[in-house]
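Shown next, in structure tokens, is the structure this report addresses.
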Amino acid sequence: MNELRRVMCVEDDPDIRMIIEFSLATLGGYQVCLCADGRSALAQAPNFKPDLVLLDVMMPGLSGPETLAALRGQVEMAGVPVVFMTAKAMPNEVEELLQYGATGVIVKPFDPVTLPQDIRIYWEHGRGIRLN
């Protein structure tokens, strides 16, 4: 298995993007690509070649699940783990998100200090672990 180094974050809220960038780049040491929407993620993913994608669920334009489906259609992105970020954390909602093919779900508000370790857990252990 490769090392987790490159993380793409797809989040429409600029304040949350800034927090994620600080958390993952400064605290976690990851190379981070920030995208404000699903279309931007689809355009940038093939060149950035992320090891993992953090994907907001509710966004204007393409939703998180729609973006995930489109990413899976790109050959380079077919096997890249995707972790949804959402404020909707009821067990049935989390299970629905996992059924779209996500590796996991991180509940907002998240802890920026632990976010680098949280995504590493998904990277190392795969689907089925729920962090909150």
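Taking region 111-123 as the range and being part of a helix (DSSP H, G or I) and not charged (D, E, K, R) as the test, the residues that pass are Leu115, Pro116, Gln117, Ile119, Ile121, Tyr122, Trp123.
Within region 63-110, the set of residues being over 11 Å from the mean Cα position of the chain (by Cα), closer than 14 Å to Met8 by Cβ and not in a helix (DSSP H, G or I) comprises just one member, Gln74. Selection over region 1-47 of residues that are closer than 16 Å to Phe84 by Cα, assigned to a loop (DSSP other than H, G, I, E, B) and small (Gly, Ala, Ser) gives a count of 1. Inside region 50-105, residues that are of a type in the set (Asp, Glu) and over 18 Å from Val7 (Cα atoms) make up a count of 4. Does region 68-86 contain any residue that is among the hydrophobic types (A, V, I, L, M, F, W, C) and touching a residue at least 40 places away in the same chain (Cβ under 8 Å)? Yes, there is a match, as at least one residue in region 68-86 is among the hydrophobic types (A, V, I, L, M, F, W, C) and touching a residue at least 40 places away in the same chain (Cβ under 8 Å). One residue stands out among those in region 113-126 that are crowded, with 18+ Cβ neighbours inside 10 Å and not acidic (Asp, Glu): the one that is farthest from Tyr30 (Cα to Cα), which is Tyr122.
Every number here is computed from the coordinates shown, using simple stated rules; none is lab data. None of these values were measured; they are calculated from a predicted model. Every residue, glycine as well, gets a Cβ built from its backbone with ideal geometry; the counts of neighbours run over all protein chains shown.
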